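Just below is one structure, and these are the notes that go with it.
Just so it is clear, none of the values below were taken in a lab; they were calculated from the coordinates. Given the structure is predicted, the values throughout are model-derived calculations rather than measurements. Note: ideal-geometry Cβ built from the backbone for every residue, glycine included; neighbour counts use all protein chains shown.
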Amino acid sequence: MVESRYIVKRKRKKFAAIMSAIASGAITTLVIISFLGRRVGSFTVKMNSNEVKLALSQTKSFDEGTTYLMVDSLPSFDINEYSTFVNDAKFDTEETTYKDALDIDPQTGKANSIYYFKYTFYVKNVGEIPANYTMTLNIADNVKPSNVSYGYDDILRIKFYDNEADSEEHSYDDKIYAKRIRNGENQYTDSEGNPIYSELIYGEEGSADFVGYCTNFENDTTIFTKFRENFVPGASRRFTMVMWLDGNDSQAKGDSPDGGSLRLGLNINATEHTAQ
């Protein structure tokens with residue numbers, strides 16, 4: 001038996017992969033791919049513009065606009081913690097990619113693991129009418145490990161930046177998203193003994209390094225929903241998603257997870273903005 005461990009206090013250990021479903025013989029996977037008309041990767045961003053014209057791009061210049069972005073399968077994840085991600089300018093930029101987080105084997109040149117995933121992209125109104133859009137981050141597929149009681153979604157953390165494309169600010173609403181704690185021994189309590197169902201961001205309450213509590217996922221399949229009104233023609237915004245598996249999570253105990261996978265998808269649905 002190999003214990004799961006806190007990053008600072010114990011030796012680091014690789015967790016099983018978060019990756020796209022790669023069982024080519026699986027009928028359900030083939031049906032999904034056929035329905036979408038596209039390959040299904042580890043992380044996707046899909047735009048539904050309807051009667052307005054919004055476009056996606058990985059660069060601020062919008063040399064290549066599209067309605068669909070995808071990151072294919074990722075290697076196994078090592079656990080991490082919030083303190084790695086406090087330098088907002090390092091992550092919220094198109095100058096860095098998730099490839100910077102790869103642990104590369106010097107002998108083979110292949111990736112042994114990845115320490116976190118980050119993805120920066122832009123949304124621009126390339127049409128002639130203002131738009132409203134709803135942005136939803138979903139868990140598209142979730143296969144739990146076979147040997148532990150929790151899934152990768154239980155120890156997942158999300159930090160999501162939303163700023164104007166040219167802005168030097170790196171706003172993320174001071175929120176770190178995590179799944180709500182299940183009932184039981186993992187609950188925290190407030191000063192009056194009432195249960196708290198949110199995970200700690202970092203540090204124990206009352207300690208000098210305490211940051212606060214995470215914002216709970218909306219439900220088991222939706223992490224968050226964001227809405228913007230009156231996105232005018234020519235406007236452009238920069239988004240960055242940072243994702244990691246948190247070794248300080250209250251449920252990251254027991255054996256190291258064996259098998260399983262997790263896929264995320266960000267859907268953007270846009271409609272025409274009409275003045276009230």
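On the beta carbon distance between residue 253 and residue 95, with R0 = 35 Å, the FRET formula returns roughly 0.40.
What's the FRET efficiency of residue 60 with residue 196 using the Cβ-Cβ distance as r and R₀ = 35 Å, to the nearest 0.05? With a Förster radius of 35 Å, E is 0.30.
The equivalent ellipsoid that matches the C-alpha gyration tensor of region 124-234 spans semi-axes of 33, 19, 12 angstrom, in descending order.
Taken along the Cα-to-beta-carbon direction at a fixed 7 Å, the label points for residue 108 and residue 225 span 4.3 nm.
Compactness of region 52-134, taken as the C-alpha radius of gyration over 2.2 N^0.38 Å, stands at 1.39. Per residue, the convex hull around the alpha carbon atoms of region 76-185 comes to 191 Å³. With the convex hull drawn over the C-alpha atoms of region 190-254, the volume per residue is 181 Å³.
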